[in-house]
Amino acid sequence: MSHSLDMKSMHDSVDTGAPAFEERSITPLERVQHFLHRNPAAIPLIVLALAVLGFGLGIGPRFYSAFTLTLILQQVAITGIVGAGQTLVILTAGIDLSVGAIMVLASVVMGQCAMHYGLPGPLAVLAGLAVGGLCGLVNGLLVAKWRLPPFIATLGTWSIFGAIVFIYSGNETVRSQDIDQVAPILHFFGGSFRIGGAVFTYGVVLMVLVIGVLWYALNYTAWGRHVYAVGNDQDAALLAGIRVDRVLVSVYVVTGLICALAGWTLIGRIGAISPQAGQLENINAITAVVIGGTSLFGGRGSILGTLFGALIVGVFSLGLRLLGTDPQWTQLAVGALIILAVGVDQWIRKISA
Amino acid sequence: MKTSTRRLLAHLATTAGLLITAPVLAKNVSACLITKTDTNPYFVTMKKGAMEKAKALGVQLKTYAGKYDGDNQAQVDAIESCMADHADGILITPSDTRAIVPTVQKARQAGLLVIALDTTLEPVDAADATFATDNFQAGELIGRWAKGLLGDKAKTARIAFLDLSTSQPSVDVQRDQGFMVGFGIDPKDKNKWGDENDPRIVGHDVTGGAEDGGRRAMENLLQKDPGINLVYTINEPAAAGAYQALKAVGLEKQATIVSIDGSCTGVQNVRDGIIGATSQQYPLLMAAEGIEAIKTYVETGKKPQNSQGLNFHNTGVNLITTHPVPGVPSISVKEGLARCWG
């Protein structure tokens, strides 16, 4: 971890042109700002801890049970996985509005391959993953080669992938029992194991793995540092010899693949393969990324923050339900958290201005 | 791919057929069908019913749909296109039951017959007629069935309500409140859910009418009370999601799920014991009768009549279950599958 912090501070010094803050005399408030600037996952972690504490005090042992806490993990697994992909894109100062559509398309492709073409389960999964990667490649080429703004490019592909889902599936839902008979592997991530009272699905394990791998890649590989550099300042990255377009394309392809994995997980969670499912997953993912402290302006943030961001939404949703409030209050709380998160981001940014 | 290609070809053939036959029926009646979306199987079925009937009667039909549920603007545009096109009548499933009313008035003033399908306008007489399922009755049927199934245990039931959305659209309220009345719960204000104080109610949560929402809502309510033994669901996808949540914690035998829709997937789930009972509605019939009504209106000037005692024309609803309960009329899964949609 200290290694990664060192790299981040080196990175910050390039960005701010002020290499050694520590040597100047600074107020405690500035010290806090600097700490938060270097550790973008700190604020969401603090908010998460406070939320767990607060709801725990309000609700009591029912909330603190291992089962409840792991249920929250299960509920956020898909948003966490899609959010991990979204984090990569947002770090490059882009945005991917098509992530939810790619996820559902991949799940529909897996279903069609297994149920209608009679492919063995593992091959159906591979076909779904390939389609996810291909969708990402389309996004990447539009952004990196055609130079379309990511918002516009993925706004278009969101519509296109979404429409393909409905045309290709004929609006048909594949039922859970039929999947169990023909290709049980599609339900793999819905399977679970217990540790005491805690129940973990393989979907939760996948989320942790995806985030762990990306955390390593972003902090300890050249590719990861390039992603940050491209997001910070594309022209500077280009001058520094980074092949910006390759980095961008790779980010979108990886994101597409991650979305396809989320699609596989989705089948496990809801049992069926439904073209109607996951309609708002792009918004959920962006919410997790933003509350997780990753800047929409690129170059700053962390993948761990996204995990915490998704968990914060999960804790608020379940906590408020257990307190017996109407579902509207959850919606209101999440909205307030988004605004708060971006407000804090702006406040932290002041030190580099 | 095979089936979808075949379906596409069939679709193209139908369209081509309509184009070829159209000039022959020059004097004919023309109608518009405007649905909420083009993706929900329910509306896909409605469109199919309208197209088949229009072809059989020689009515020219144009179809429009919103991009998403709630896309009022697209429906306004569609009505205006139909007026410009000098259509004789419009069949519309309103996305926004209030906001569409002024545009509907303009169409009626221009002499078009406007029939609301599936969802009533607010006020209901803003349309010339409404062809719909009695959603309250659909809810009441599953409520009465659940009460009969539980018998004495109904008095101590633990009930979860899986509703549609926080904005409580009319269909959401009518089904939910109908279920309460059927089960013997005092619904308080019949125009909204959530104001009841019956101790048997564990809670309400919203599903968006989809599997993922159904699973999450069920998980949340199980956290409030793991003893839930009766689950009301707004529709069958929500029911399928609720079942997954129950299965994940091994409670699928403890709780009975009831639902409303009558889609083919849903009826199969009744057959397999996942859903205890569902109320089947008939979108194909709504659309087909709507087309007929427009033709009758053009030829005779007669407007459709409401069903007795209702302020709309009831296209019927049937309870489907494998466990019939005395005093609650139901049809078999076999018959349900023969009449299912989607």
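The values are calculated or read from the model by the stated rules, or taken from the named source; none is laboratory data. Everything numeric in this text was worked out from a predicted model, so none of it was measured. Glycine gets a Cβ as well: all are built from the backbone with ideal geometry, and neighbour counts include every protein chain shown. Note: accessible area is taken over every heavy atom of the protein model, side chains too, but ligands, DNA and RNA are not part of it. Shrake-Rupley method; radii C 1.70, N 1.55, O 1.52, S 1.80 Å.
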Could you figure out which of (1) in contact (Cβ under 8 Å) with a residue 24 or more places away in the chain; (2) within 12 Å of another protein chain (Cβ to nearest Cβ) isn't true of A:LEU186? (2)
For B:ILE228, state whether it is over 30 Å from B:LEU285 (Cβ atoms), in contact with a Leu (Cβ under 7 Å, 6 or more places away or on another chain) and touching a residue at least 12 places away in the same chain (Cβ under 8 Å). yes
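Filter segment B:228-242 down to residues that are open to solvent by less than 10 Å² (accessible area, probe 1.4 Å) and not in a helix (DSSP H, G or I) and give me whichever is farthest from A:THR173 (Cα to Cα).
B:ILE228
Residue by residue, here is whether (1) modelled with pLDDT under 95; (2) more than 22 Å from the chain's Cα centre (by Cα); (3) away from chain A (no Cβ under 13 Å) holds:
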residue	(1), (2), (3)
B:PRO169	yes, no, yes
B:PHE179	no, no, yes
B:GLY184	no, yes, yes
B:ALA217	no, no, no
B:THR233	no, no, yes
B:ALA239	no, no, no
B:ALA245	no, yes, no
B:GLN254	no, yes, yes
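Residues are listed down the side, and each one gets a yes or a no for (1) more than 25 Å from the chain's Cα centre (by Cα); (2) part of a helix (DSSP H, G or I):
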{"site": "A:GLY111", "(1), (2)": "no, yes"}
{"site": "A:TYR117", "(1), (2)": "yes, no"}
{"site": "A:VAL125", "(1), (2)": "no, yes"}
{"site": "A:LEU155", "(1), (2)": "no, yes"}
{"site": "A:GLY162", "(1), (2)": "no, yes"}
{"site": "A:ASP178", "(1), (2)": "yes, yes"}
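Test A:ARG269 against the criterion of being open to solvent by 20 Å² or more (accessible area, probe 1.4 Å) and not β-branched (Val, Ile, Thr), and give yes or no.
Considered against the rule, which asks whether it is open to solvent by 20 Å² or more (accessible area, probe 1.4 Å) and not β-branched (Val, Ile, Thr), A:ARG269 comes out as yes.
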Take the residues in segment B:278-300 that are more than 16 Å from the chain's Cα centre (by Cα) and not polar (S, T, N, Q); name whichever of them is surrounded by the fewest Cβ atoms within 10 Å (Cβ to Cβ). B:GLU299
All but one of (1) closer than 25 Å to B:GLU122 by Cα; (2) without any contact (Cβ under 8 Å) to a residue 24 or more places away in the chain hold for B:PRO199; which doesn't? (1)
So A:ILE195 ticks every box in (1) farther than 26 Å from A:GLN74 by Cα; (2) open to solvent by 40 Å² or more (accessible area, probe 1.4 Å); (3) away from every other protein chain (no Cβ under 14 Å) but one. Which box is left unticked? (1)
Give the number of residues within segment A:143-159 that are among the small types (Gly, Ala, Ser), within 20 Å of A:VAL104 (Cα to Cα) and open to solvent by less than 50 Å² (accessible area, probe 1.4 Å). 2
Just to be sure before I move on: is A:ALA124 closer than 17 Å to A:ALA310 by Cα and open to solvent by less than 20 Å² (accessible area, probe 1.4 Å) in the structure I sent? no
For segment A:273-295, how many residues meet the condition of being away from chain B (no Cβ under 14 Å) and either of a type in the set (Phe, Trp, Tyr) or touching an Asp or Glu at 6+ places or on another chain (Cβ under 8 Å) (or both)? 2
So is B:ALA84 open to solvent by 30 Å² or more (accessible area, probe 1.4 Å), under 22 Å from B:LEU284 (Cβ atoms) and without any contact (Cβ under 8 Å) to a residue 24 or more places away in the chain or not? no
Criterion: at pLDDT 95 or above, assigned by TED's automatic domain parsing to the domain that holds B:ILE142 and out of contact with any Lys or Arg (no Cβ under 8 Å at 6 or more places or on another chain) - qualifying residue of B:ILE260, B:ILE275: B:ILE275
Do we find that B:LYS153 is surrounded by fewer than 16 Cβ atoms within 10 Å (Cβ to Cβ), in contact (Cβ under 8 Å) with a residue 60 or more places away in the chain and more than 11 Å from chain A (Cβ to nearest Cβ) in this structure? yes
Which of the residues spanning segment B:38-74 are part of a strand (DSSP E or B) and buried (at least 21 other Cβ atoms within 10 Å of the Cβ)? B:LEU61, B:ALA65
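Could you please let me know if B:GLY208 is within 14 Å of another protein chain (Cβ to nearest Cβ) and within 17 Å of the chain's Cα centre (by Cα)?
Spelling it out, B:GLY208 is indeed within 14 Å of another protein chain (Cβ to nearest Cβ) and within 17 Å of the chain's Cα centre (by Cα).
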May I ask you to list the residues in segment A:202-213 that are closer than 12 Å to A:LEU266 by Cα, open to solvent by less than 70 Å² (accessible area, probe 1.4 Å) and either without any contact (Cβ under 8 Å) to a residue 60 or more places away in the chain or not aliphatic (A, V, I, L, M) (or both)? A:GLY203
Residue identified as of a type outside the set (A, V, I, L, M) and closer than 27 Å to A:THR173 by Cα among A:GLY271, A:GLY343, A:GLY293: A:GLY271
Please find, among B:LYS303, B:LYS334, the residue that is at pLDDT 95 or above and open to solvent by 90 Å² or more (accessible area, probe 1.4 Å). B:LYS334
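Let's see how each residue does on (1) within 22 Å of A:LEU337 (Cα to Cα); (2) surrounded by fewer than 21 Cβ atoms within 10 Å (Cβ to Cβ); (3) among the β-branched types (Val, Ile, Thr):
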site	(1), (2), (3)
A:SER25	no, yes, no
A:GLY56	yes, yes, no
A:LEU73	yes, no, no
A:VAL82	yes, no, yes
A:ILE90	yes, no, yes
A:ILE102	no, no, yes
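Conditions tested, residue by residue: (1) assigned to a strand (DSSP E or B); (2) of a type in the set (Val, Ile, Thr); (3) open to solvent by 10 Å² or more (accessible area, probe 1.4 Å).
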residue: B:ALA138; (1), (2), (3): no, no, no
residue: B:ILE142; (1), (2), (3): no, yes, no
residue: B:THR166; (1), (2), (3): no, yes, yes
residue: B:MET180; (1), (2), (3): no, no, no
Out of A:GLY162, A:GLY140, I need the residue that is buried (at least 19 other Cβ atoms within 10 Å of the Cβ) and within 14 Å of another protein chain (Cβ to nearest Cβ). Which one? A:GLY162
With within 25 Å of B:GLY301 (Cα to Cα), modelled with pLDDT under 95 and more than 19 Å from the chain's Cα centre (by Cα) as the only criterion, which of B:VAL24, B:VAL59 stands out? B:VAL24
Hey, among the residues in segment B:202-221 that are in contact (Cβ under 8 Å) with a residue 40 or more places away in the chain and in a loop (DSSP other than H, G, I, E, B), which one's surrounded by the most Cβ atoms within 10 Å (Cβ to Cβ)? B:THR207
